[in-house]
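The values are calculated or read from the model by the stated rules, or taken from the named source; none is laboratory data. On a predicted model such as this, the values are computed, not experimentally measured, just so you know. So basically every Cβ, Gly included, is an ideal-geometry build from the backbone, and we count neighbours across all protein chains shown.
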Amino acid sequence: MSLLEVKDLKTQFFTRDGVVRAVDGVSFQLDAGETLGIVGESGCGKSVTALSLMRLIPQPPGKITEGSIMFDGQDVLKMDDDDVRGIRGNNIAMIFQDPMTSLNPVLTISRQISEALELHLKMDRSEARRRTVELLELVGIPSAKKRLDDYPHQFSGGMRQRVMIAMALSCNPKLILADEPTTALDVTIQAQVLQILKDLAREFRTAFILITHDLGIVAGMTQRVHVMYAGRIVEKADTGELYANPKMPYTWGLLRSIPRLDEVRKEKLVPIEGLPPDLISPPPGCKFEPRCQYRKEICHEREPDLIPVPNAKPDHEARCWGTQRVPGGGWLVDLDWQSEIGDMAVLEQIKAEVAQVAAEAERATPGDLPPGVSQKEGI
Ligand SMILES: Nc1ncnc2c1ncn2[C@@H]1O[C@H](COP(=O)(O)OP(=O)(O)OP(=O)(O)O)[C@@H](O)[C@H]1O
Ligand code: SF4
Ligand SMILES: [Mg+2]
């Protein structure tokens, strides 16, 4: 049984202008300890997907109108409010882009983490304080003991994000949802924080979903990637497969727009032309059709299903007529990804990072847990 199984999830916002179909039929699953990246441009429904999983959609105007979310064998959409509160922070933890919205500015760092430990793990005060120091040390806060009674504003952005990771890990969750956790940080700090998140999640066998608009970020972080557009998944694959064999023109656009750390890369940054569709009245066929240079009549007329890509690795699926054959041979739409992104130097670097993740995942065996932490207890 999967840890998380999302089926045909639809979340809508009922506004004065009409119904916003923010998440429109999303299905995926995640096993215990598995890592998944959800990637797409602004407004494609990434955060609404994450918030739906934790039943945090503001209602009104929002509502989960269809679908099911099974977490650890329980139907999240059928839980009462107490049960949902129980899984939030305890079984599923969330890390947001801006820690200041999640950290309480009037509580010391120690209080914020200790409180969760006392509440969920029934630790007494001194035990919780001791554990808090350990957690802060794990996420690399220097002189953690001395900083326990500091307030969030006394920490830098990167340090606050580390505190968020410590908080997220404090109750030994089975799943961490990280929604653009490092977007507000500069690139070097971003890399450090992501590394910590990845290492700790692996150490504690925590599954995580990393949400980002930057397809470059997930390369070194997750085993699988789902690409979202207009409230739908449009391509899903193992991370290595997605970079080696991307099928959807929108995915190519995301690959071309990966920001580079150095100047050359900045110059080469090519945003996808045009704007994402209005989710109140999206285009009738393929949602990417108005922006796609390969579009044909069929793309405008009918939306393709998300189906397995022929001659690709298992589990690689795309929602594009270009991966579907006409009866008797050929493709419904001729695509040419080699000429689109085949010469991107950045892809080589990404592929190296992807290979590293696969190798690390293979090396991670039971017994990796830090000293003093049994697998059953976690942290
Ligand atoms: N409270 C709300 N009322 C109306 N529409 C909303 C509300 N919250 C989100 N939406 C709409 O839902 C869609 C999906 O939004 P979402 O926040 O999930 O995007 P995202 O992919 O996380 O984007 P970003 O990268 O900018 O964070 C957007 O069109 C957004 O305008
Ligand atoms: S279905 Fe057509 S319009 Fe949509 S991405 Fe594929 S080729 Fe482009
Ligand atoms: Mg978002």
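Scanning for something touching a Gly at 6+ places or on another chain (Cβ under 9 Å), more than 16 Å from ligand 2 (Cβ to nearest atom), assigned to a loop (DSSP other than H, G, I, E, B) and within 30 Å of residue 2 (Cα to Cα), does segment 115-123 turn up at least one residue? There is no residue in segment 115-123 that is touching a Gly at 6+ places or on another chain (Cβ under 9 Å), more than 16 Å from ligand 2 (Cβ to nearest atom), assigned to a loop (DSSP other than H, G, I, E, B) and within 30 Å of residue 2 (Cα to Cα). Candidates in segment 289-329 are the residues that are in a loop (DSSP other than H, G, I, E, B) and of a type in the set (Gly, Ala, Ser); of these, the one that is surrounded by the fewest Cβ atoms within 10 Å (Cβ to Cβ) is 328. When 287, 313 are screened for being away from ligand 1 (no atom under 16 Å from the Cβ) and among the basic types (Lys, Arg), only 313 passes. Of all residues in segment 133-172, those that are more than 22 Å from residue 85 (Cα to Cα), of a type in the set (S, T, N, Q) and crowded, with 22+ Cβ neighbours inside 10 Å total 1.
Selection of first residues in segment 44-66 that are on the phi > 0 side of the Ramachandran plot and touching a residue at least 12 places away in the same chain (Cβ under 8 Å) and of second residues that are in a loop (DSSP other than H, G, I, E, B) and buried (at least 23 other Cβ atoms within 10 Å of the Cβ), restricted to Cβ pairs under 6 Å at least 6 apart or on distinct chains, gives the following pairs, ordered by first then second residue: 45/231. Among the residues making up segment 32-45, those that are more than 23 Å from residue 1 (Cβ to Cβ) and either in contact with a Leu (Cβ under 8 Å, 6 or more places away or on another chain) or crowded, with 24+ Cβ neighbours inside 10 Å (or both) are 39, 40, 41, 43, 44, 45. Residues in segment 40-61 that are among the hydrophobic types (A, V, I, L, M, F, W, C), more than 6 Å from ligand 1 (Cβ to nearest atom) and assigned to a loop (DSSP other than H, G, I, E, B) were compared, and the one that is nearest to residue 231 (Cα to Cα) is 57.
Look through segment 67-98, keep the residues that are assigned to a strand (DSSP E or B) and among the polar types (S, T, N, Q), and return whichever of them is nearest to residue 170 (Cα to Cα). Result: 74.
Selection of first residues in segment 211-223 that are among the hydroxyl-bearing types (Ser, Thr, Tyr) and of second residues that are in a helix (DSSP H, G or I) and at pLDDT below 85, restricted to Cβ pairs under 9 Å at least 6 apart or on distinct chains, gives the following pairs, ordered by first then second residue: 222/357.
Screening segment 121-139 for residues that are of a type in the set (A, V, I, L, M) and out of contact with any Pro (no Cβ under 8 Å at 6 or more places or on another chain) and picking the one that is modelled with the lowest pLDDT gives 121. Reported count of residues in segment 57-93, each being within 16 Å of ligand 3 (Cβ to nearest atom) and surrounded by 16 or more Cβ atoms within 10 Å (Cβ to Cβ), is 2.
Taking residue 119 as the residue in question, decide whether it is in contact (Cβ under 8 Å) with a residue 12 or more places away in the chain and not hydroxyl-bearing (Ser, Thr, Tyr). No; evaluated as a whole, the condition is false for this residue.
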